[in-house]
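The values are calculated or read from the model by the stated rules, or taken from the named source; none is laboratory data. Since the structure is predicted, the reported quantities are computational estimates derived from the model, not experimental observations. Neighbour counts run over all protein chains shown; Cβ positions are idealised from the backbone, glycine included. Accessible surface is based on the protein model in full, side chains and every heavy atom, while ligands, DNA and RNA are left aside. Shrake-Rupley method; radii C 1.70, N 1.55, O 1.52, S 1.80 Å.
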Amino acid sequence: MDDKQLIENCLKGDVDEFKKIVDKYRGKTMALALNILGNKEDAEDACQDVFMKVYLNLDKFDFKKSLNNWLYSILYNRCLDYLRKKRRFYKFFKKVKRDSFQFVNKKNSNSFERQPIVQGVLKELSHKERTVLFLWANEGYTSEEMASVMKCSSSTARVHLFKARKKIKAILEKENV
Amino acid sequence: MFRCKAINFLFIILPLKCWRDFLIRRHIQECPECQKKLAGVEEVKPFLIQEEEVGGLEGLWPEIKTKLSQEKRKKLRPLRPRLRWAFRAVGLFVAIAAGIWLYRIFTLDKSPLKESLVERFQINYIRIEDKPARAFLFQPHDSEMIFVWAEKNI
């Protein structure tokens, strides 16, 4: 069954039909979220939020566009929200740590800092660069498609991709030497 | 080779992304030397987390379903209590606005300036071009400004 049919069934009020969409896209969305956010808990939360948002706004879906693109676009924005929140949280956490180090030390500090998955090379890239790299390498997206996901111009997407590819090549060359 | 280096230098110093993109489209995309300095798809893929590597997503649907049913219940919640609160809020706002308006009217009407205008200003005699002239005092409504108007006796 194609996406169009699935969405039409969901719009008729069949929630279980939405499971098929979730099953079809959960791997892809989770992979992108993991690449952007770098930790599993946040990525899972982001994916949940995205599927919720998609279900609640299915009536606004433009059938001329692809569901995959729409999902990625919502997911990218959600991940940006998470990163912003995280930045604010870490700022606050740093302040708390500085002001009352002993208090924080008594608590389990692991609950504040989640274990990152994205290590090494990807760490060197910005979240925008990681996103374009994922869309380009895994999905074979063109710069226009990447731009529509990230809500930026295609030139910006191309520049991000170029920088990301260059950085990775430089790191690979360094490792080989 | 020199051209590639110059373009790469330009890429670094150019401040706008559209200018950088121009360089990518006009040279970097076409130039085999520049392409050698960029990682290819196969080189990039090992660094990215792939769909196949992502596991343990079986719990995603039950959680979404629970949230969706909660959302549905929220939507189905009767409108009346919400409307009641909305009316209360609007009523309170109107009462506050009316109170402020009435307060302003009463306080401005009892302005001491208006009452004491004659007491505060007294013009005994005024001359224009060595001839006696007429003088008027005028205070606009709701204002603390006082105009003194003098005109020739014709």
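Screening residue B:61 with (1) out of contact with any Asp or Glu (no Cβ under 8 Å at 6 or more places or on another chain); (2) assigned to a helix (DSSP H, G or I) gives one miss only, at (1).
Remark: pairs (first residue in the range B:84-109, modelled with pLDDT under 90; second residue open to solvent by 80 Å² or more (accessible area, probe 1.4 Å); Cβ separation under 9 Å; 6+ apart in sequence or on different chains) = B:108/B:141; B:108/B:142.
Residues in the range B:40-57 that are farther than 16 Å from residue A:44 by Cα, within 7 Å of chain A (Cβ to nearest Cβ) and open to solvent by 40 Å² or more (accessible area, probe 1.4 Å): B:41, B:43, B:45, B:47.
Here residue B:24 fits the description: within 13 Å of chain A (Cβ to nearest Cβ), surrounded by 11 or more Cβ atoms within 10 Å (Cβ to Cβ), β-branched (Val, Ile, Thr) and in a helix (DSSP H, G or I). Can you spot a residue in the range B:67-81 that is open to solvent by 90 Å² or more (accessible area, probe 1.4 Å) and in a loop (DSSP other than H, G, I, E, B)? Within the range B:67-81, one or more residues are open to solvent by 90 Å² or more (accessible area, probe 1.4 Å) and in a loop (DSSP other than H, G, I, E, B). For the range B:125-154, a residue qualifies if it is surrounded by fewer than 10 Cβ atoms within 10 Å (Cβ to Cβ) and under 27 Å from residue B:104 (Cα atoms), and the qualifying residues are B:140, B:141, B:144, B:145. Of all the listed residues (A:142, A:156), the sole one being closer than 28 Å to residue A:70 by Cα, at pLDDT 75 or above, among the polar types (S, T, N, Q) and open to solvent by 60 Å² or more (accessible area, probe 1.4 Å) is A:142. Checked against (1) out of contact with any Leu (no Cβ under 9 Å at 6 or more places or on another chain); (2) more than 9 Å from every other protein chain (Cβ to nearest Cβ); (3) more than 30 Å from residue A:20 (Cβ to Cβ), residue B:36 passes all but condition (2).
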